[in-house]
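The structure under discussion appears below in the form of structure tokens.
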Amino acid sequence: MRELEYVRADDAASAVALVSGEPEARFLAGGTNLVDHLKLGITAPRLLVDVSRLPLDAVEEYDAPGGTGLRIGANVRNSDLAAHPAVRASWPAVSRALLAGASGQIRHQATTAGNLLQRTRCVYFQDATTPCNKREPGTGCSAVGGYARYNAVLGASPDCVTVHPSDLAVALTALDAQVVVLGVSGERRIPMTGLHRLPGDRPDLDTVLEHGDLITAVELPPSAAARRSTYQKARDRASYAFALVSVAAGLELDGDVVRDVRIAWGGVAHRPWRATRAEDALRGQQLTEEAVLAAAELELEGATTTDQNAYKVPMIRNTTALACTRLAAGEVSR
């Protein structure tokens with residue numbers, strides 16, 4: 001048995017100091033991902049710093065360029081955030097993404113920050129008996145040449161072909177959210193588009209966060225595209241299943257012409273994939289199914305597939321068209 005120390009943090013600054021001072025320390029909040037990894041033997045920290053009782057559970061409005069934004073505390077539970085009236089009214093993609101994830105019981109326990117930091121569900125990562133560069137750098141990637149149905153089609157590397165599992169992260173990436181982080185040098189903000197990494201030769205690093213960095217909040221800026229947004233998820237089961245592919249989309253129209261569009265994809269890469277090429281192709285164009293399919297095709301030009309995961313390319317293209325055309329038609333309820 002390995003000794004494990006547990007400490008309940010009194011405030012955010014002391015939590016950061018505790019974790020940053022111990023290389024094998026981890027933050028513990030809802031625990032819906034970390035506790036599973038402790039049981040599976042995927043991780044074995046020497047110190048757990050409990051931040052679940054810190055006063056980081058408020059949802060507050062703030063003045064932002066263009067209107068009123070929303071600051072979401074790191075400890076806000078997924079179920080509470082999904083049901084929040086301001087989220088449902090002005091950032092509906094966030095609510096729909098949360099409701100598409102996990103089960104009701106897990107959403108009651110899981111936190112906003114924890115959702116963003118959950119680790120891959122790759123079967124090899126979760127099997128401590130197999131080589132995995134993400135779990136043990138330098139041991140190899142069993143998914144390359146192995147079971148590949150869920151593997152990435154964009155941004156993968158020879159060292160890792162897994163995908164990021166969070167639904168919420170995809171919605172926040174599409175809506176230009178900012179992540180508020182407290183570290184040993186103070187507070188800073190990281191755009192959601194820059195929080196998660198592609199694997200490269202360091203797939204063990206999921207994000208750009210330094211050891212000891214604590215996410216304290218997420219800020220959602222206002223926009224017309226955010227108010228007209230949705231989240232579409234394709235999966236094996238109707239509930240309690242991770243995305244085969246998913247799409248978060250926001251749309252601002254001038255008649256039937258696209259004034260602004262935001263698109264992010266899940267289930268296709270090591271990080272939520274902001275489809276900027278597709279967005280650029282759609283702005284100023286008439287919103288039609290054909291236009292969205294063509295724009296998605298541009299974004300997918302660099303896709304790499306195998307026989308097992310080739311289905312993801314037409315699936316993400318068609319799911320993007322479904323999300324955008326439903327938004328244009330006003331068919332998506334909040």
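For Arg26, are the conditions met, namely being surrounded by 14 or more Cβ atoms within 10 Å (Cβ to Cβ), in contact with a helix residue (DSSP H, G or I) (Cβ under 9 Å, 6 or more places away or on another chain) and not assigned by TED's automatic domain parsing to the domain that holds Gly104?
Taking the combined requirement at face value, the residue satisfies it.
Residues of segment 235-247 being in a loop (DSSP other than H, G, I, E, B), among the polar types (S, T, N, Q) and either buried (at least 17 other Cβ atoms within 10 Å of the Cβ) or not assigned by TED's automatic domain parsing to the domain that holds Ala89 (or both), which ones?
Once the filter is applied, which keeps residues that are in a loop (DSSP other than H, G, I, E, B), among the polar types (S, T, N, Q) and either buried (at least 17 other Cβ atoms within 10 Å of the Cβ) or not assigned by TED's automatic domain parsing to the domain that holds Ala89 (or both), segment 235-247 yields nothing.
Among the residues of segment 148-170, count how many are out of contact with any Phe, Trp or Tyr (no Cβ under 6 Å at 6 or more places or on another chain) and either of a type in the set (A, V, I, L, M) or more than 20 Å from Tyr311 (Cβ to Cβ) (or both). Even if it seems obvious, please write down each step before you answer.
Within segment 148-170, the subset out of contact with any Phe, Trp or Tyr (no Cβ under 6 Å at 6 or more places or on another chain) is 148-153, 155-164, 166-170.
Imposing the further condition that a residue be either of a type in the set (A, V, I, L, M) or more than 20 Å from Tyr311 (Cβ to Cβ) (or both) reduces the set to 148, 152-153, 156-161, 163, 166, 168-170.
Adding up the residues that qualify gives 14.
Evaluate the following for Pro65: is it under 17 Å from the mean Cα position of the chain (by Cα) and not assigned by TED's automatic domain parsing to the domain that holds Asn33?
Criteria not met by Pro65.
Of a type outside the set (A, V, I, L, M, F, W, C), surrounded by fewer than 17 Cβ atoms within 10 Å (Cβ to Cβ) and at pLDDT 95 or above: does that describe Arg259?
Values: of a type outside the set (A, V, I, L, M, F, W, C): yes; surrounded by fewer than 17 Cβ atoms within 10 Å (Cβ to Cβ): yes; at pLDDT 95 or above: yes.
Taking the combined requirement at face value, the residue satisfies it.
Looking at Gly250, Gly267, Gly302 in this structure, which one is within 28 Å of Arg197 (Cβ to Cβ), under 22 Å from the mean Cα position of the chain (by Cα) and exposed (fewer than 13 other Cβ atoms within 10 Å of the Cβ)?
Gly302
I'm trying to understand the selection: among the residues of segment 275-299, which are surrounded by 15 or more Cβ atoms within 10 Å (Cβ to Cβ), of a type outside the set (S, T, N, Q) and part of a loop (DSSP other than H, G, I, E, B)?
Passing the criteria: Ala275, Leu287.
Can you pull out the residues in segment 37-67 that are surrounded by 15 or more Cβ atoms within 10 Å (Cβ to Cβ) and free of Cβ contacts under 8 Å to residues at least 12 places away in the same chain?
Within segment 37-67, just Leu38 meets the criteria.
A quick yes/no check of all residues on (1) over 20 Å from Leu209 (Cα atoms); (2) surrounded by 24 or more Cβ atoms within 10 Å (Cβ to Cβ); (3) in the same structural domain as Arg71 (by TED's automatic domain parsing); (4) at pLDDT below 95:
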residue: Gly140; (1), (2), (3), (4): yes, no, yes, no
residue: Tyr147; (1), (2), (3), (4): yes, no, yes, no
residue: Val153; (1), (2), (3), (4): yes, yes, yes, no
residue: Val161; (1), (2), (3), (4): yes, yes, yes, no
residue: Ser166; (1), (2), (3), (4): no, yes, yes, no
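Can you tell me which residues in segment 113-124 are assigned to a loop (DSSP other than H, G, I, E, B) and either within 30 Å of Arg53 (Cβ to Cβ) or free of Cβ contacts under 8 Å to residues at least 12 places away in the same chain (or both)?
Passing the criteria: Gln118, Arg119, Thr120, Arg121.
Provide a single number: the residues in segment 223-234 that are surrounded by fewer than 21 Cβ atoms within 10 Å (Cβ to Cβ) and under 21 Å from Ile190 (Cα atoms).
The number of residues fulfilling the criteria is 0.
Of these, Arg262, Arg271, which one is under 18 Å from Leu172 (Cα atoms), in contact with a His (Cβ under 7 Å, 6 or more places away or on another chain) and assigned by TED's automatic domain parsing to the domain that holds Asp176?
After applying the criteria, what remains is Arg271.
The values are calculated or read from the model by the stated rules, or taken from the named source; none is laboratory data. None of the values given here were measured: they were computed from a predicted structure. Please note: Cβ atoms are built from the backbone with ideal geometry, for glycine as well, and neighbour counts cover all protein chains shown.
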